[in-house]
1. Probe radius 1.4 Å, ligands and nucleic acids left out: which of Arg106, Arg19, Arg42 has the largest accessible area, and how do the rest follow?
2. At a threshold of 8 angstrom on Cα-Cα distance, excluding pairs fewer than six apart, so keeping six or more, what relative contact order does the chain reach in percent?
3. Enumerate the calculated ³J(HN,Hα) couplings along the stretch 8-24 in order (Karplus 6.51 cos²θ - 1.76 cosθ + 1.60, θ = phi - 60°), each rounded to whole Hz, writing x wherever the residue is Gly or Pro.
4. Apply the Karplus curve 6.51 cos²θ - 1.76 cosθ + 1.60, θ = phi - 60°, to the phi angles in the stretch 68-75 and return the couplings in whole Hz, x for Gly and Pro.
5. What is the antiparallel percent of DSSP beta bridges lying wholly in the chain, to the nearest 5?
6. List the lysines whose Cα lies under 22 Å from the Cα of Lys68, skipping any in the same chain that are fewer than 8 positions away.
7. Which longest run of the chain has no exposed loop site in it, a site being chymotrypsin sites (Phe, Trp or Tyr not before Pro) in a DSSP loop with at most 12 other beta carbons within 10 Å, and the site itself not part of the run?
Amino acid sequence: QVQLVESGGGSVQAGGLLRLSCAASGYTYTSYYTSYCMGWFRQAPGKEREGVGAIDGNGRTQYADSVKGRFTISKDNAKNTLYLQMNSLKPDDTAMYYCAAAWGGRSWYCGGFPNGAEFGYWGQGTQVTVSS
């Protein structure tokens, strides 16, 4: 059973930075299997879920316009861990952040992003709060 566990959330002031991590178990990133997509999503109270960033098995990335230039998604295959480096944080970035994974189909190019419907595995989330 695939499990995704996020960590690294917290409270920061505007302009600050945080790095989120997502530890995966139950499967292994490999260098030869690339038909998967790992993504970060967020949801603020009263708002719809938003795709933040995604990375496919070949390391290609996509970002929401709202975070381009500020957030960087990366993965460490050896550690089975996905990261989201968040710089220049804004109060609008306040949300619960979720890690998600998708396999097969359009996953090899993260075709299902930013919609989360094709992501079959989700973590429990980690809260990020940015104060002004």
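The values are calculated or read from the model by the stated rules, or taken from the named source; none is laboratory data. Just so you know, these numbers come straight off a predicted model, no measurement behind them. Cβ coordinates were reconstructed from backbone atoms using ideal geometry, including for glycine residues, and neighbour counts include every protein chain displayed. Heavy atoms of the whole protein, side chains included, go into the accessibility calculation; ligands, DNA and RNA do not. Shrake-Rupley method; radii C 1.70, N 1.55, O 1.52, S 1.80 Å.
1. Values: Arg106 100, Arg19 130, Arg42 15 Å².
In descending accessible area the options line up as Arg19, Arg106, Arg42.
2. Numbers: 338 pairs, mean separation 47.7, N = 132.
With pairs under 8 Å counted, the relative contact order is 36 percent.
3. With the stated coefficients, the stretch 8-24 comes to x, x, x, 10, 9, 8, 3, x, x, 9, 8, 10, 8, 10, 9, 8, 9 Hz.
4. 4, x, 10, 10, 9, 9, 8, 9
5. On the way: 39 of 43 bridges.
The answer is about 90 percent antiparallel.
6. Qualifying lysines at Cα under 22 Å: Lys47, Lys90.
7. Values: sites that count: Tyr32, Tyr33.
My reading of the result: 34-132 is the longest stretch.
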